[in-house]
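The values are calculated or read from the model by the stated rules, or taken from the named source; none is laboratory data. A quick note: this is a predicted structure, and the numbers were derived from the prediction, not measured. Every residue, glycine among them, receives a Cβ derived from its backbone with ideal geometry; neighbour counts consider all protein chains shown. For the accessible areas, the whole protein counts, side chains as well, though only heavy atoms, and no ligand, DNA or RNA atoms are used. Shrake-Rupley method; radii C 1.70, N 1.55, O 1.52, S 1.80 Å.
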Amino acid sequence: MASSPARRAPGGPVLQDAVTEAIGAAMFEELAAVGYGKLTVEAVAKRAGAGKAAVYRRWPSKQAMVIDLVTRVATTTADAPDTGTLRGDVLEFLSAGAKALTHPLMSRIVPDLLAEGSRNPEVAAILLEQVGGTRRKKAAAILHRAIQRGELPVDTDLELGLDFLAGPLYWRVGILRDPMDPERLNHLADKVVAAIAAPISNVEVPSRP
């Protein structure tokens, strides 16, 4: 068997990629099983078949480990290939999101981290910036491409459009736990595209007396 590839942390020891992958897998399994509050570095290391020192050589704390690994996965699922059309891009984005939200581990991890964020402002702020912010930047590329292709007007409300891309899917799959088959994903893609492309109303809503 070939030896595992290795890398060196800046100013630190050589880190075996195989050990890093084992720790990452163990972290997600442990996080899904017990939640962030009860998660410990010791339990992750034991599940990975490694020592605590192996974890701390890679991350300085439990929080750093969780944020780093979750961010990597969450931002990867926000990637959407350029299909050549707005609808195609939206469908790819929604399909990837639905797959992630129904994953056996992530379907338990995401609600737990959101709940943790309500109790821990520091975790909430980091997740919002590193996960939420990065996902929105990637998703924004879908709308910018559509504007460049002439599929959307130049005055498209990008922030609201990004809400349309994420909100309905998360409500249906993440909150209601309602699985999305290909037919429903196609229907949702049509609705999201229609909402994003709808002209901005100039009608002023009267203020309450």
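Couple of notes before you dig in:
- For the range 91-106, a residue qualifies if it is touching a helix residue (DSSP H, G or I) at 6+ places or on another chain (Cβ under 8 Å), open to solvent by 20 Å² or more (accessible area, probe 1.4 Å), closer than 30 Å to Val123 by Cβ and in a helix (DSSP H, G or I), and the qualifying residues are Ser95, Ala100, Leu101, Met106.
- Residue check, Asp112 without any contact (Cβ under 8 Å) to a residue 60 or more places away in the chain and open to solvent by 20 Å² or more (accessible area, probe 1.4 Å): no
- If the condition is being closer than 25 Å to Thr71 by Cα and either open to solvent by 60 Å² or more (accessible area, probe 1.4 Å) or free of Cβ contacts under 8 Å to residues at least 60 places away in the same chain (or both), then the range 136-157 contributes Arg136, Lys137, Lys138, Ala140, Leu143, His144.
- Taking every residue in the range 115-130 that is in contact (Cβ under 8 Å) with a residue 24 or more places away in the chain and pairing it with any residue that is outside any helix (DSSP H, G or I), at least 6 positions away or on another chain, the pairs with Cβ-Cβ distances below 7 Å are Glu116/Tyr36; Glu116/Gly37.
- Selected residue [of a type in the set (Ser, Thr, Tyr) and within 12 Å of the chain's Cα centre (by Cα)] from Ser95, Ser118, Ser107, Ser61: Ser107
- Considering the range 33-62, the residues that are in contact with an Asp or Glu (Cβ under 8 Å, 6 or more places away or on another chain) and part of a helix (DSSP H, G or I) include one that is surrounded by the most Cβ atoms within 10 Å (Cβ to Cβ), namely Val44.
- Note on the range 47-90: among residues that are aliphatic (A, V, I, L, M) and touching a residue at least 60 places away in the same chain (Cβ under 8 Å), the one that is nearest to Val123 (Cα to Cα) is Ile67.
- Against the test of being in a loop (DSSP other than H, G, I, E, B) and in contact with a helix residue (DSSP H, G or I) (Cβ under 9 Å, 6 or more places away or on another chain), the options Gly88, Gly84 yield a single qualifying residue, Gly84.
- Sub-7 Å Cβ pairs linking a first residue in the range 163-192 that is among the polar types (S, T, N, Q) to a second residue that is surrounded by 12 or more Cβ atoms within 10 Å (Cβ to Cβ), at least 6 apart or interchain, are Asn186/Leu91, ordered by first then second residue.
- Selection within the range 143-192: residues that are in a loop (DSSP other than H, G, I, E, B) and of a type in the set (A, V, I, L, M). The member of this set that is farthest from Gly97 (Cα to Cα) is Val154.
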